[in-house]
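Okay, so here's the structure we're looking at.
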Amino acid sequence: MSFNKWENISIGDVCQTISETHKTKKGELIFLNTGDIERGKILHNKYSSVEKMPGQAKKSIKKGDILFSEIRPANGRWAYVDFEANDFILSTKLMVIRANEKINSRYLYHLLTSPEIVKWLQHLAESRSGTFPQITFTQVADIKIKLPPIPIQNKIASFFDALDRKIELTHQTNQTLETIAITLFKEMCFPKSDKLPNGWRIGKLGEFYKTTSGGTPSRSKMEFYENGIINWAKSKELGNFFVLETEEKITEEALKKSSAKLLPINSILIAMYGATVGEISILGNEASCNQAICAILPNNNFPFSFIYEYLKSQKENLKNMAVGGAQQNISQLVLQEIEIYMPSDNILNNFHQKAEGIYSLIRKNIEETITLKNLRDNLLPKLMKGEIEINSL
């Protein structure tokens with residue numbers, strides 16, 4: 001069937017929002033709030049006491065439902081329920097969207113999470129007067145689309161499901177590689193007793209590595225951001241192994257006329273403020289960063305792999321170092337004062353050689369994932385508008 005014969009409908013014609021109160025006599029259930037789902041993943045399955053749950057814990061769900069946060073759509077708080085979910089109870093801040101017989105539920109999921117629709121929903125959320133950006137199901141339901149027949153929906157959904165599975169498999173492979181690196185680090189670079197082996201030393205982080213912080217080029221000067229070529233990292237982008245791409249880029253002129261500075265590859269980035277405080281990543285390409293990030297600069301004497309794994313092993317301690325009321329933060333001075341058990345040069349070099357091989361594989365997988373995500377995001381709107389036929393792929 002040609003695209004011209006696809007049906008003109010509103011999203012509300014093929015789905016509804018479900019607000020069924022969970023009816024259970026069990027003492028414990030799995031509660032999901034907006035922060036417990038992210039870009040297709042449900043982040044936990046831990047049971048907790050129903051009596052101690054917040055008042056917003058009300059909604060029931062079932063297999064095939066789509067979960068979508070009402071708050072800040074661009075944050076990616078959505079997921080597809082592909083399992084029996086009798087023991088799950090949801091926050092009222094999560095929409096439960098259920099497809100009807102006119103649409104493949106996976107097709108609807110890919111449609112709702114496509115870049116164009118998410119961008120539009122974020123625009124609607126930011127247009128709302130209130131304390132935070134929020135959408136309603138009515139706004140989702142009003143979106144106009146052209147709906148292909150079920151056989152084409154099935155093919156498109158299967159194609160993007162396969163892409164998502166490949167991305168997830170690559171992610172799982174990297175998790176395994178990260179575990180290997182952590183194990184290697186603990187075996188080689190942690191002292192086995194209170195008495196340090198010959199050649200080992202104790203010192204402060206600032207004695208071994210130089211640190212620096214970043215800056216934000218003036219937001220009033222659009223020329224600092226338009227046609228930018230230099231990655232500019234924000235603290236919310238930390239936590240993954242490597243930072244290879246950033247949401248924004250800045251120009252060389254921005255570096256010259258602001259407190260921003262260019263950081264070398266393999267700098268270790270640490271989030272210093274807010275909800276992401278203590279998150280760590282390796283800088284995979286030359287980049288700049290904002291003032292909410294501290295960078296530990298690489299040097300020839302002490303490999304970046306060592307301090308990355310060392311700080312990652314101390315992640316909870318880093319978070320506990322944060323002080324402040326509304327905005328938790330760690331100062332650069334506090335980081336410089338962290339006590340380090342530094343192995344001998346021979347062990348450091350041996351560990352770094354092994355770690356670099358693992359890191360190379362992780363980076364390759366991340367680059368492949370970025371390529372797959374870009375492919376998915378570019379193809380999805382074209383297929384759903386009929387600009388490309390699924391049979392041509």
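The values are calculated or read from the model by the stated rules, or taken from the named source; none is laboratory data. Remember, it's a predicted structure, so these values are computed and weren't measured experimentally. Virtual Cβ from ideal backbone geometry, glycine too; neighbours counted across all protein chains shown. Note: areas computed on protein heavy atoms with side chains; ligands, DNA, RNA excluded. Shrake-Rupley method; radii C 1.70, N 1.55, O 1.52, S 1.80 Å.
At-a-glance table
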read-out	value
Scan of region 222-247 for residues that are surrounded by 15 or more Cβ atoms within 10 Å (Cβ to Cβ) and touching a Phe, Trp or Tyr at 6+ places or on another chain (Cβ under 9 Å), ordered by number	Tyr225, Trp232, Ser235, Phe241, Phe242, Thr246
Cβ pairs under 7 Å, 6+ apart, first in region 131-148 and touching a residue at least 60 places away in the same chain (Cβ under 8 Å), second open to solvent by less than 30 Å² (accessible area, probe 1.4 Å) and part of a strand (DSSP E or B)	Phe137/Met95; Ala141/Ser10; Asp142/Ser10; Ile143/Ser10; Lys144/Ser10; Ile145/Ile9; Leu147/Ile9
Positions within region 270-282 being part of a strand (DSSP E or B) and either more than 16 Å from the chain's Cα centre (by Cα) or at positive phi (or both), in sequence order	Tyr273
Selection from region 121-141 of residues that are hydrophobic (A, V, I, L, M, F, W, C), out of contact with any Pro (no Cβ under 9 Å at 6 or more places or on another chain) and open to solvent by 30 Å² or more (accessible area, probe 1.4 Å)	Phe132, Phe137
Condition broken by Ala275, with the remaining ones in (1) out of contact with any Gly (no Cβ under 9 Å at 6 or more places or on another chain); (2) under 19 Å from Lys210 (Cβ atoms) satisfied	(2)
Region 333-378: number of residues that are open to solvent by less than 20 Å² (accessible area, probe 1.4 Å), assigned to a helix (DSSP H, G or I) and more than 17 Å from Gln175 (Cβ to Cβ)	3
Where a residue in region 154-173 is within 17 Å of Tyr80 (Cα to Cα) and among the acidic types (Asp, Glu) and its partner, wherever it lies, is part of a helix (DSSP H, G or I) and at pLDDT 95 or above, with Cβ under 8 Å and at least six apart	Asp161/Arg106
Residue list for region 264-285, restricted to those being polar (S, T, N, Q), closer than 17 Å to Trp232 by Cβ and in contact with a strand residue (DSSP E or B) (Cβ under 8 Å, 6 or more places away or on another chain)	Ser267, Ser281, Asn285
Region 303-324 - residue that is polar (S, T, N, Q) and in a helix (DSSP H, G or I) and, of those, surrounded by the most Cβ atoms within 10 Å (Cβ to Cβ)	Ser305
Residue in region 238-247 that is more than 27 Å from the chain's Cα centre (by Cα) and either assigned to a loop (DSSP other than H, G, I, E, B) or in contact (Cβ under 8 Å) with a residue 24 or more places away in the chain (or both) present	no
Tyr209 aromatic (Phe, Trp, Tyr), crowded, with 17+ Cβ neighbours inside 10 Å and modelled with pLDDT of 90 or more	yes
Given (1) part of a helix (DSSP H, G or I); (2) open to solvent by 40 Å² or more (accessible area, probe 1.4 Å), number of the condition Asn285 does not satisfy	(1)
Every residue from region 338-393 that is touching a strand residue (DSSP E or B) at 6+ places or on another chain (Cβ under 9 Å) and farther than 25 Å from Val243 by Cβ	Glu339, Tyr341, Met342, Pro343, Ser344, Met384, Lys385, Gly386
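A quick yes/no check of all residues on (1) of a type outside the set (D, E, K, R); (2) closer than 17 Å to Asp161 by Cα:
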position	(1), (2)
Ile66	yes, yes
Pro73	yes, no
Gly76	yes, no
Tyr80	yes, yes
Phe83	yes, yes
Lys102	no, no
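Here's the yes/no breakdown for (1) more than 28 Å from the chain's Cα centre (by Cα); (2) open to solvent by 50 Å² or more (accessible area, probe 1.4 Å):
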{"residue": "Leu163", "(1), (2)": "no, no"}
{"residue": "Gln172", "(1), (2)": "no, yes"}
{"residue": "Ile180", "(1), (2)": "no, yes"}
{"residue": "Phe185", "(1), (2)": "no, no"}
{"residue": "Lys192", "(1), (2)": "yes, yes"}
{"residue": "Leu196", "(1), (2)": "yes, no"}
